[in-house]
Every structure is written in C-alpha cells, then in structure tokens.
Amino acid sequence: MDMKTAAKKLSLKDKYKLFTRDLGWEPTYRSHEEVFPYVQYEGIKIHDWDKWEDPFRLTMDAYWKYQAEKERKFYAIIDAHAQNNGHLNITDARYLSALKVFLQAISPAEYSAHKGFARVGREFPGVGTQVACQMQAIDEIRHAQTQIHALSNYNKFYNGFHAFAEHRDRIWYTSVARSFFDDAMSAGPFEFMIAIGFSFEYVLTNLLFVPFMSGAAYNGDMATVTFGFSAQSDEARHMTLGLECIKFMLEQDPDNLPIVQAWIDKWFWRGIRVLSLVSTMMDYMLPKRVMSWREAWNIYGIENGTALFKDLARYGIRAPKGWDQAEEAIDHMSHQLMLGLYQWKFGTSFHVWIPSDEDMDWLSKKYPTTFDKYYRPRWEHIKKHEAATGAPFNNFGLPKLCQCCQLPTLFTEPGDPTLTCHRESVYKGDRYHFCSDGCKDVFDNEPEKYIQAWLPMPGLMQELKGDLGAWMDWVFLKDGQDNGDFATSQDRQNFEQWRAQSTTNQ
Ligand code: FE
Ligand code: ZN
C-alpha cells in the first residue's frame, strides 16, 4: 500500500521562485551577447539582472485564473449591453465621437504595446523582467480585444467605427498616437520601457483612462465602463513595472542617469501631444462632462507628477524638460486642437459641433484666463460665418504637420497664445517642421530616425495628387456619413429616432 504523504505546501515566495526565476538558465552553446543582442547598444549598463525586484509575486497560473474571472464578468455585461440595446442609454449621440476617437487612436495603441512587450520580454536577459513583460504583453492584447469587442456593438448601429485599423494607419489625427507607438516599438528595449512602462503607464495613463472611464460612466455607457475596469485592474501592475524598471536602471550604474533623463524628457513631451486628443474629448465631446482637462491635469499631472519626480530626485532625476511649457499649454490645447478638428471635419471619422452657449459658459468657467479671451471669439466667428453663408465652416487648406508628433502645427508660442508656434531643422539639405521646442528636440537628437517617418499629409499630396475623394476612399471614410457636423448626421437622426421609439409611444 502506498503511503499517503501530504504534499508540502509551498510558500507563495517559493512557488513564485519555482514558477519564474527557476525557469531561466545560463546559455552554454552561445554567448550571452549573441542570445541578447539588443541590450548593449543603447548604452545602458546593467551589472546584476538578479537585482530586478518583481513587485508583483504573481505566477502564471494565478495570472490566468484572475484574468479568466475578469473575462467572464466582462463578457456577461457586454452580452447584456448588446441584448438590451445598451447603446440607447447613452446621454446622446455626441458621446459616440469620444468612443470613435478612442477606438481609432487608443485601442490600436494597446495592440502596439502588446507587440512591444512581447519583443522586450525576449530581449531582456533577466528572468524577472521576462516574466513581467510577458504578463504585460498578454494584458495589452486583452485590452485591445476587449475594447474592440465592447465597441463592436456600437458599430452595428453607428457610422465611423467600421475601419478603425485603417484609420489608425492612415488618417491624420490618429497619427499622433500611431507615431508615438511606432517610435517606441522601433526603439531599443530600455527606451521602450521608459516610453511605455514609465511615461505612458506611470506618468500619463491616469490622464487617459480615469477621465475616459468616468466619462463613460457619466454618459451611461456600461460597455466602456466595464472594459475600463477590466483594464484598470492590470494598470497597478503596469505602473509598478515601469517604475521598477526606471529605478533598476538608475541603481545599476550612474552612467545611466543622463540617458534615462533624456528619454524622460522625450517621452513626456510625446505623451503630452497624445493627450491633446484626450483633452478635446474631455472638454468638448462628452455631453455630460466629468471635469475639465485642466482639472484632470491638476490632479493626475501636477499632484501625482510632483510626488513622483520628488521621489526620483534622490537618483538625480529632475522633472521633464518640457514641464513648464506643458503646464502653460494645458489651458489652451483642447481649444486649439478642437478648432482644428472642427475646421477639418470633412476629414474626420467622427462628428463635431460648435459648442452651445451653455457649453461655452462652462468652458469659460473652467478656463477663466483663456477661453473668453482667445477661443470664444473664434467659435463665435465660425458660428456667424455659418449663419451668413448657410454652409459649414471648412478649411480645405491642408495643414503643415510636425515631423515628430505628426499633428498639424496648430499650437501656439509659449508666452503668446496669438502666435502659432513653428520650429525648423535642416538635416542633410532638407528642411523639417515642428510644432514645438519639445518636438524639435526629439528630432534633433535622432534625425536619422524621424526623417523616415511617414506623414499623412505628404501622403495625400504626393501619392494621391491632392484628390480628396481618392483620399477618403483610401482612408475608408464615407463622405457625408462618417464625417462632418453632428447636427446633420445620420448618427444623430438614428439615435433620436430609436430612442424616441424605446421611450415613447410614437
Ligand atoms: Fe493597456
Ligand atoms: Zn509636434
């Protein structure tokens, strides 16, 4: 008879060790340098990979269990949302613009983050790092999938959701997010970790997700709230990974400090430019607003950022170089970009509108020093022009794009909000244009990289000879359906009609 022995119960720490670090080995047929060819060339010096502390003692089996539980809840709610016409519970159809921008610009970014983490998980030698990156790679693809699934229900009823992947690659306002992630994915593994793990996840993600998810809750969108919760619960792990990585680099060798600082400067500024899209969503696109972009910045930018950089000061890290310019720009960026989106609304796969008098009063309360002085007059001018001509105010002049962030150069000079900011650099005989000092700095540090960037406007002029109709076909934009003013849109008409059917006896 076999003797029954009670299996020795492993402590969490031992179990974790067996499931992670013990899976690694030292290569013998090939040199370390051959197996991990990319960890050297960025100049980061690491002496002891075992010093990498994994802040989350999470084993793969536990990981799958937690995530599966979240998936079950998520899909149950998505199902209920679809079956109960949850799309008719939103405040009104203007809210859909925020969702479209999110799906076109941000969900593909989640997918890029997945690809990036899968790659750096392979490129970093430390086992702790590899496991953490592997988990985040899986998280990120799950985020992309759950977002696409949640929003696919809206795609059955409304325009503009149908070609988010093509929009991400080809349309102009998504380029700011695409170029951010393309830049990160084509960087070395350490820079990728600063770009995504630190700047995006740690410094900026709260400014994107918290306002967006509360925006969804305020506007009755259960589907989005649910994917938001599901993704946010991974976020603590992602933020810790980013912070852990930066501290690890700084503790390993003092020579790493200037490299890391330059990356922080770069990725902070690139992040601010991506957030300009979020600022328009918060200040202009939500029918029921949560807080202004300025208020969100005060909480998640200034409060959290100040505490973070105070903490990192002991390593010699200072606040990002563009911090003061960003702080000044906060009171302007949503208005400046929204006026751009409005003027070029024939080229957007979402609808825009002139803010109502009530909206404008809200904006002037939230932006007491800037809105009435600089931006209300521009909206009033557009309104008057439309009333006088009976036609929408469109600007068919194509904007000059920034070679770095790829947005139109529509932001203004530090210190003078009436003057558009332009910067230039000449490299190998060609002249390149920028929207800001921050973007010019990024280019000047690595011109060979950015001269290769594909920009959407030169694409339209060179490849399509300026033919707007051909461009719309190419970006999968249906003129008169996906684009233009909300007031006359099919989305508005349909939503109001369906809602009336479900709430009245008509
Ligand atoms: Fe994510
Ligand atoms: Zn720029």
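The values are calculated or read from the model by the stated rules, or taken from the named source; none is laboratory data. This is a predicted model, so every value here is computed, not measured. For neighbour counting, all protein chains shown are included, and Cβ atoms are generated from backbone atoms with ideal geometry for every residue, glycine included.
Observations, loosely collected:
- Filtered by the rule that a residue be surrounded by 10 or more Cβ atoms within 10 Å (Cβ to Cβ), more than 27 Å from P254 (Cα to Cα) and free of Cβ contacts under 8 Å to residues at least 12 places away in the same chain, the stretch 13-57 gives D14, K17, L18, D22, P27.
- The residue that is surrounded by the most Cβ atoms within 10 Å (Cβ to Cβ), among those in the stretch 362-380 that are in a helix (DSSP H, G or I) and of a type in the set (F, W, Y), is F371.
- Every residue from the stretch 138-176 that is surrounded by 23 or more Cβ atoms within 10 Å (Cβ to Cβ), of a type in the set (G, A, S) and either outside any loop (DSSP other than H, G, I, E, B) or at pLDDT below 95 (or both): A150, S175
- T418 β-branched (V, I, T), within 16 Å of ligand 2 (Cβ to nearest atom) and modelled with pLDDT of 95 or more: no
- Just so you know, in the stretch 384-415 the residues that are closer than 27 Å to M472 by Cβ and in a helix (DSSP H, G or I) include one that is farthest from ligand 2 (Cβ to nearest atom), and it is T389.
- Selected residue [of a type in the set (D, E, K, R), away from ligand 1 (no atom under 16 Å from the Cβ), in a helix (DSSP H, G or I) and over 19 Å from S179 (Cα atoms)] from D491, D441: D491
- Pairs where the first residue, in the stretch 480-506, is under 15 Å from N85 (Cα atoms) and among the aliphatic types (A, V, I, L, M) and the second is loosely packed, with under 14 Cβ neighbours inside 10 Å and at pLDDT below 95, C-beta under 6 Å, 6+ apart: A500/Q506
- Of E140, E110, all but one fail to be under 15 Å from the mean Cα position of the chain (by Cα), farther than 30 Å from F411 by Cα and not aliphatic (A, V, I, L, M); the exception is E140.
- Contact map, the stretch 399-420: first residue more than 20 Å from E328 (Cβ to Cβ) and more than 16 Å from ligand 1 (Cβ to nearest atom), second residue outside any strand (DSSP E or B) and among the small types (G, A, S), Cβ cut-off under 9 Å, separation 6 or more or different chains; pairs are P399/G340; L401/S175; Q403/A453; Q406/S175; Q406/S179; Q406/A453.
- Criterion: on the phi > 0 side of the Ramachandran plot and either out of contact with any Lys or Arg (no Cβ under 6 Å at 6 or more places or on another chain) or small (G, A, S) (or both) - qualifying residue of K478, K449, K465: K465
- Residue in the stretch 353-375 that is over 29 Å from P287 (Cα atoms), more than 24 Å from the chain's Cα centre (by Cα) and either away from ligand 2 (no atom under 16 Å from the Cβ) or not β-branched (V, I, T) (or both) present: no
- Of all the residues in the stretch 303-338, those that are in contact (Cβ under 8 Å) with a residue 60 or more places away in the chain and among the aromatic types (F, W, Y) number 1.
- Some residue of the stretch 170-188 being within 12 Å of ligand 1 (Cβ to nearest atom) and either of a type outside the set (G, A, S) or closer than 18 Å to F200 by Cα (or both): yes
- Being in contact with a strand residue (DSSP E or B) (Cβ under 6 Å, 6 or more places away or on another chain), of a type outside the set (D, E, K, R) and crowded, with 21+ Cβ neighbours inside 10 Å holds for only one residue in Q336, Q403, and it is Q403.
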